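In what follows, a single structure is set out as structure tokens and then discussed.
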Amino acid sequence: MMRNLIGAALTFFSLACPDILRAAESEKIRIAFPSPAFSYLPFYVAQEKGLLKKIGLEAEYIQMRTNIQPQATINGDIDFFPSVSTGISAAVSGLPLVVVLNLYDGSPWVLVAAKEVNKPQDFVGKKIAVSGIRTSPHYFALAGFKKLGLDEKNIGFISTGGTASSFAALASGQVAGAVLTPPFDDKAISLGFKKFLFLGDLVDIPYVGLVASQAELKSRNERVRKTIAALLEAVAWLRANREAAVKMVAEKFNVNQSEAERTYKTLISLFSKNNRLSPKVARGYLEILRQDRPVSPDLDPQKFLDFSLIPSGK
């Protein structure tokens, strides 16, 4: 009789308080970001719209500089980070990391210049803000200055830790230029700065997705799968809810309606068609890495990619 009463009570509790039970069953994950950026919108949506919680995950988002995220993942301090290029770079250096999701098929990086910069030579002897040395913004900047006919030795770079901080450095007059993405590039324009050169099509560098440790993929396969599923559902939400998404951009980044609209348009145009990293981009990025470190010519980038947990048809 007592067993029947307990069973009945548990049944009643599960029907009356499903949210409490789900919370108790939730598995915690930790994801690190260097600073707020529009490219992380799928992560914000997955959190704020309850998409992670719905499938039993409780996410903690941690601010952490990009260059320490790979080792923090291996150490177990975080479970995932979003920079695909950083993940591959660290894996090439020997860390057991793997890219499990690619969210974008392009990069929107732009070189934004101070008001007094009118020609390429005006950058000589000046400083440029990038998120970090040997990060995507830095490599894109190098490609940009090469296209402009400038020697990189005549340009100084400061590492800010994130795109938002690069914008702040530009806005405060600390640098003559900054490598930015939406909405910070448009926000800079509204302050009188100028878009000097679009960088996103100059070199093959992966953008944002999901990077995990090999151990995570092997021992917590289901948790990785759930995280991927929530992010893909977030992408679907962003596609289907333009008005709400634009409002989120405006509020989260403190930009006006037109800036938020342009950011949203850029976001949608860049979303990956199959959420897998193109082999061409992966190989192209290895060529970039070979410029400043020894990378075997026989190294297959597929060694660092595993898209087996992406749902079929995605």
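The values are calculated or read from the model by the stated rules, or taken from the named source; none is laboratory data. Not measured: the values here are computed from a predicted model. We place every Cβ from the backbone using ideal geometry, glycine too, and count neighbours over all the protein chains shown.
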### Task
Give me a count of the residues in the range 138-172 that are without any contact (Cβ under 8 Å) to a residue 12 or more places away in the chain and not in a helix (DSSP H, G or I).
2
### Query
Is there a residue in the range 71-91 that is at pLDDT below 95 and surrounded by fewer than 16 Cβ atoms within 10 Å (Cβ to Cβ)?
no
### Query
Given (1) among the aromatic types (Phe, Trp, Tyr); (2) touching a Ser or Thr at 6+ places or on another chain (Cβ under 8 Å); (3) in the same structural domain as Leu191 (by TED's automatic domain parsing), where does Phe123 come up short, assuming only one miss?
(2)
### Task
Quickly run through the range 287-302 and pick out the residues that are touching a residue at least 12 places away in the same chain (Cβ under 8 Å), surrounded by fewer than 14 Cβ atoms within 10 Å (Cβ to Cβ) and farther than 25 Å from Ser39 by Cβ.
Arg293
### Query
Mind checking which residues of the range 182-199 are over 15 Å from the mean Cα position of the chain (by Cα), part of a loop (DSSP other than H, G, I, E, B) and over 16 Å from Ala129 (Cα atoms)?
Leu191, Gly192
### Message
When you scan the range 221-228, do you find a residue that is loosely packed, with under 14 Cβ neighbours inside 10 Å, basic (Lys, Arg), over 18 Å from the mean Cα position of the chain (by Cα) and closer than 29 Å to Pro70 by Cα, even just one?
### Response
no
### Message
Tell me whether the range 73-81 contains one or more residues that are in the same structural domain as Leu210 (by TED's automatic domain parsing), under 21 Å from the mean Cα position of the chain (by Cα) and of a type in the set (Gly, Ala, Ser).
### Response
yes
## Note on the structure
Given the conditions (1) under 19 Å from Gly209 (Cα atoms); (2) in a loop (DSSP other than H, G, I, E, B), every one holds for Val295 apart from (1)
### Query
Any chance the range 59-66 includes a residue that's modelled with pLDDT under 95, under 28 Å from Ala169 (Cβ atoms) and charged (D, E, K, R)?
yes
### Only listed residue being within 26 Å of Gly284 (Cα to Cα), of a type outside the set (Gly, Ala, Ser), in contact (Cβ under 8 Å) with a residue 60 or more places away in the chain and surrounded by 20 or more Cβ atoms within 10 Å (Cβ to Cβ), chosen from Val211, Val175
Val211
### Summary
With criteria (1) touching a Phe, Trp or Tyr at 6+ places or on another chain (Cβ under 8 Å); (2) in a helix (DSSP H, G or I); (3) closer than 18 Å to Val117 by Cα; (4) not basic (Lys, Arg), Val179 comes up short on (2)
#### Entry: helices (runs of 4 or more DSSP H) fully within the range 21-103 counting 1 or more residues that are among the aromatic types (Phe, Trp, Tyr)
41-48
### Message
Suppose we filter Lys247, Lys265, Lys195, Lys218 for residues that are free of Cβ contacts under 8 Å to residues at least 60 places away in the same chain and touching a helix residue (DSSP H, G or I) at 6+ places or on another chain (Cβ under 8 Å); which single one remains?
### Response
Lys247
### Query
Within the range 30-83, can you find the residues that are of a type in the set (Gly, Ala, Ser), out of contact with any helix residue (DSSP H, G or I) (no Cβ under 8 Å at 6 or more places or on another chain) and over 24 Å from Ser272 (Cα atoms)?
Ala72, Gly76
### Number of positions in the range 254-286 that are loosely packed, with under 14 Cβ neighbours inside 10 Å and within 26 Å of Ala229 (Cα to Cα)
7
### Query
From the set of residues in the range 38-70 that are small (Gly, Ala, Ser) and buried (at least 22 other Cβ atoms within 10 Å of the Cβ), which is farthest from Val211 (Cα to Cα)?
Ala46
